[in-house]
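**Student:** Would you mind keeping the following structure in view while I ask a few things?
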């Protein structure tokens, strides 16, 4: 369960840095990354829980919203 102190932050992602859970908007559609598969060309195939997929080539840069947990999980 996310900490009540967690926050969504805007991050730039590439195939090397994209993660499960990132929220990417393509056109008017939000895309929640559910699975990340490496491709032979160095890119990644991102799969959403909706069944949609997106191929990120090595030079692709996108912006994503990512849940950021403060150090220590924000517990007091």
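The values are calculated or read from the model by the stated rules, or taken from the named source; none is laboratory data. None of the values given here were measured: they were computed from a predicted structure. Virtual Cβ from ideal backbone geometry, glycine too; neighbours counted across all protein chains shown.
**Student:** Mind listing whichever residues of the range 1-14 are under 15 Å from residue 62 (Cα atoms) and touching a strand residue (DSSP E or B) at 6+ places or on another chain (Cβ under 7 Å)?
**Tutor:** 9, 10, 11, 12, 13
**Student:** Hey, another quick one. Could you check, for the range 32-55, whether at least one of its residues is modelled with pLDDT under 85 and farther than 16 Å from residue 13 by Cβ?
**Tutor:** Within the range 32-55, not a single residue is modelled with pLDDT under 85 and farther than 16 Å from residue 13 by Cβ.
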